[in-house]
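The values are calculated or read from the model by the stated rules, or taken from the named source; none is laboratory data. Everything numeric in this text was worked out from a predicted model, so none of it was measured. As a convention, Cβ positions derive from the backbone with ideal geometry for all residues, glycine included, and neighbour counts pool all protein chains shown. These area figures cover heavy atoms from the full protein model, side chains too; ligands, DNA and RNA do not enter into them. Shrake-Rupley method; radii C 1.70, N 1.55, O 1.52, S 1.80 Å.
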Amino acid sequence: MEKLSEADYQRLRAGAEVLEQDGFGEKVLLLADGRILKLFRRKRFFSSALYYPYAQRFADNARKLAAIGVPVPAVEKVWRIPSIERDAVLYTPLPGNSLRTMLGEDLSAERKQAWRTQLSQLVAHLFDHGMIFRSLHTGNVIVMPEGQMGLIDFSDMRFYRASLGQRRRARGIRKMLATEGEWLDTAIVFKASAA
């Protein structure tokens, strides 16, 4: 992974808007040119991120998702930034708004049902290709201007060689079912594994 110097990092983030941060610092920056700089910290000293950094996982997962036709941000660069002890990924964001934001609007019952079906088909598509998106929620799904759904914040995924069976599908949606289950049609999500 290429290193980004402190001076180059400061030039890159000049005029940036902080979109997300936590008690450890900045996490997501909207740069002046409209691109996103996502920062990752290693949470534990001994961690799989030591040999496979989260920023690199993000970039690799973006390629795997794009290969099966899922819209994702266009990753431009992955860096290690020693001066702030972070790894970073630079990308062009997907156009559109999160599904969570869109659901906050006054929508017709038909529009809500169409998005529910579309989201369920997207999840089934991932499962059909052996992918589990562990951070699946409506805030990580982007509704693009032409109506297609894409994914963001997908550094935490697991990949299997074949289509997932019902047990793995159930585990893959357990968290979302507990919090936003009304947005998944389980008949669609489980259909391919039952065939």
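Think of each Lys and Arg Cβ as +1 and each Asp and Glu Cβ as -1; about the Cα centre, that makes the dipole of region 62-146 roughly 240 debye.
Restricting attention to region 1-140, the count of lysine pairs at 8 or more positions apart or across chains with alpha carbons under 21 Å apart stands at 10. Karplus-based coupling profile of region 127-135, in residue order and whole Hz: 5, 4, 9, x, 10, 10, 9, 5, 9, with θ = phi - 60° in 6.51 cos²θ - 1.76 cosθ + 1.60 and x standing for Gly or Pro.
Projected onto their three principal axes, the Cα atoms of region 1-136 cover extents of 51, 34, 27 Å, largest first.
Can you classify region 55-195 as rounded, prolate or oblate using the Cα gyration tensor, where a ≥ b ≥ c are the square roots of its eigenvalues, rounded means a/c under 1.5, and otherwise it's prolate if a/b beats b/c and oblate if not? Verdict is oblate for region 55-195. Surface exposure of the chain, expressed per residue as accessible area with a 1.4 Å probe, stands at 55 Å².
Projecting the Cα atoms of G34, L184, A16 onto the charge dipole of the chain (Cβ charges, centred on the Cα centre) puts L184 farthest toward the positive pole.
In the chain, excluding the sites themselves, the longest stretch lacking any of the GluC sites (Glu not before Pro) that are in a DSSP loop with at most 15 other Cβ atoms within 10 Å is 1-84.
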